[in-house]
Amino acid sequence: MAKKSKKVLVTGGAGFIGSHLCDALLAAGHEVTCLDNLATGRMANVEKALQNPLFTLVDKDVTGPIEEKVDVIYHLASPASPADYYAMPVKTLLANSIGTNNCLELALKLGARLLFASTSEVYGDPEVSPQKEGYYGHVNPVGLRSCYDEGKRFAEALCKAYERHDGVDVVIVRIFNTYGSRMRPDDGRVIPNFVCQALEGQPMTIYGDGSQTRSFCHVSDMVKGLTLAMETPEAEGEVINIGNPDEMRVIDLAARVREKTGTDSPLVFEPLPEDDPLQRKPDITKAMKLLGWAPTVSLEDGLEDAVAWFKTIGG
């Protein structure tokens with residue numbers, strides 16, 4: 001049986017992950033409203049979507065009134081890279097506090113399911129690995145990263161308060177490192193940094209000694225995880241990790257990027273930023289059991305996609 005078409009609101013829908021999500025929702029026949037103030041999102045990300053009559057772009061800040069009439073809400077609006085939230089700490093906190101409250105009020109009013117895009121950063125610099133949803137985290141509440149880490153932690157608490165007090169149907173997804181096309185060259189995250197530096201023949205910057213680990217999920221896998229979390233009835237009220245559990249050292253990633261780009265860029269080492277996590281590896285047992293989801297795109301194939309993207313935009 002064909003799935004029923006829905007009216008969908010995606011906040012932050014002109015961003016990296018959000019724009020890919022909008023494309024997937026449109027391809028499934030849904031009517032999509034993208035709400036984005038373009039602080040970090042880009043019009044170029046939704047050029048394809050704008051050609052679809054089912055797509056509407058609303059240039060609006062999520063902290064302002066939201067009056068769209070929709071069936072479901074994906075709340076992704078927030079600066080998400082360190083370069084962005086360091087530059088916009090107050091806006092980051094407000095998007096995740098006032099913005100999340102606005103989305104929850106709309107969900108309450110409309111009886112809509114809300115998926116909140118949280119982050120692996122709620123775990124901080126973890127003392128356990130892999131990170132399970134039940135782990136409370138190890139986070140500096142007043143550090144440079146706190147605008148993002150604590151903004152997302154507060155938003156999660158707000159979602160659960162609306163669920164418990166008002167019966168709002170909420171799903172919380174903790175997104176782990178994601179990469180792919182539509183990332184900005186100045187994004188500040190490790191794959192854009194490495195790929196762009198390598199393509200330009202510049203030294204590749206490693207923070208710390210490169211022994212810290214990350215787990216990289218291709219954006220196509222991430223979008224499948226988000227849509228499954230939204231569409232699975234049993235996900236109501238759940239907190240779910242979505243990410244790739246294949247953990248690797250940053251210094252080994254640099255070697256893979258040099259191989260993919262065919263460059264011999266030297267490595268340069270800089271001090272590790274404040275509160276930068278030393279380990280990141282999701283436990284995706286819940287996602288596998290509840291959603292039937294697991295990543296399928298290998299780092300090999302994903303890096304080819306990322307390198308091709310940065311080549312096309314002059315990275």
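The values are calculated or read from the model by the stated rules, or taken from the named source; none is laboratory data. What you are looking at is a predicted structure, and each value in this text was computed from that prediction instead of being measured. We place every Cβ from the backbone using ideal geometry, glycine too, and count neighbours over all the protein chains shown.
For the reader, a short list of remarks on this structure follows.
- Helices (runs of 4 or more DSSP H) completely within segment 40-135 that count 1 or more residues being among the aromatic types (Phe, Trp, Tyr) and under 27 Å from ASP283 (Cα atoms): 82-87
- Of the listed requirements (1) modelled with pLDDT of 95 or more; (2) over 20 Å from the mean Cα position of the chain (by Cα), SER265 misses just one: (1).
- Taking every residue in segment 117-139 that is closer than 18 Å to PHE216 by Cβ and pairing it with any residue that is aromatic (Phe, Trp, Tyr) and part of a strand (DSSP E or B), at least 6 positions away or on another chain, the pairs with Cβ-Cβ distances below 9 Å are ALA117/TYR74.
- Residues located in segment 275-315, provided they are under 18 Å from the mean Cα position of the chain (by Cα), β-branched (Val, Ile, Thr) and farther than 30 Å from ASN140 by Cβ: THR296, VAL297
- Failed criterion for ALA294 (all others in (1) free of Cβ contacts under 8 Å to residues at least 12 places away in the same chain; (2) assigned to a helix (DSSP H, G or I); (3) among the aliphatic types (A, V, I, L, M) hold): (2)
- Residue ID - surrounded by the fewest Cβ atoms within 10 Å (Cβ to Cβ), chosen from residues in segment 89-133 that are in contact with a Cys (Cβ under 7 Å, 6 or more places away or on another chain) and farther than 25 Å from THR232 by Cβ: PRO89
- Filter result for LEU158 (more than 20 Å from ASN241 (Cβ to Cβ) and either of a type outside the set (Gly, Ala, Ser) or surrounded by fewer than 18 Cβ atoms within 10 Å (Cβ to Cβ) (or both)): no
- Summed over segment 161-185, the residues that are in a helix (DSSP H, G or I) and crowded, with 23+ Cβ neighbours inside 10 Å give a count of 0.
- Filter result for ARG214 (of a type in the set (Lys, Arg), under 25 Å from SER129 (Cβ atoms) and part of a loop (DSSP other than H, G, I, E, B)): no
- VAL10 vs. criteria touching a residue at least 60 places away in the same chain (Cβ under 8 Å) and not in a helix (DSSP H, G or I): yes
- So GLY208, is it modelled with pLDDT under 95 and surrounded by fewer than 23 Cβ atoms within 10 Å (Cβ to Cβ): yes
- Sub-7 Å Cβ pairs linking a first residue in segment 270-281 that is under 15 Å from LEU144 (Cα atoms) to a second residue that is among the β-branched types (Val, Ile, Thr) and not in a loop (DSSP other than H, G, I, E, B), at least 6 apart or interchain, number zero.
- Residue list for segment 45-73, filter: without any contact (Cβ under 8 Å) to a residue 40 or more places away in the chain and over 23 Å from LEU93 (Cβ atoms): VAL46, GLU47, LYS48, ALA49, LEU50, GLN51, ASN52, PRO53, LEU54, PHE55, THR56, GLU67
- The single residue among GLU247, GLU259 that is closer than 22 Å to VAL128 by Cβ, surrounded by fewer than 22 Cβ atoms within 10 Å (Cβ to Cβ) and charged (D, E, K, R) turns out to be GLU247.
- When residues in segment 247-266 are screened for being among the hydrophobic types (A, V, I, L, M, F, W, C) and either within 10 Å of GLN212 (Cβ to Cβ) or in contact with a Ser or Thr (Cβ under 8 Å, 6 or more places away or on another chain) (or both), 3 of them pass.
- Among the candidates ASN45, ASN52, residue that is at pLDDT 95 or above, touching a helix residue (DSSP H, G or I) at 6+ places or on another chain (Cβ under 6 Å) and surrounded by fewer than 16 Cβ atoms within 10 Å (Cβ to Cβ): ASN52
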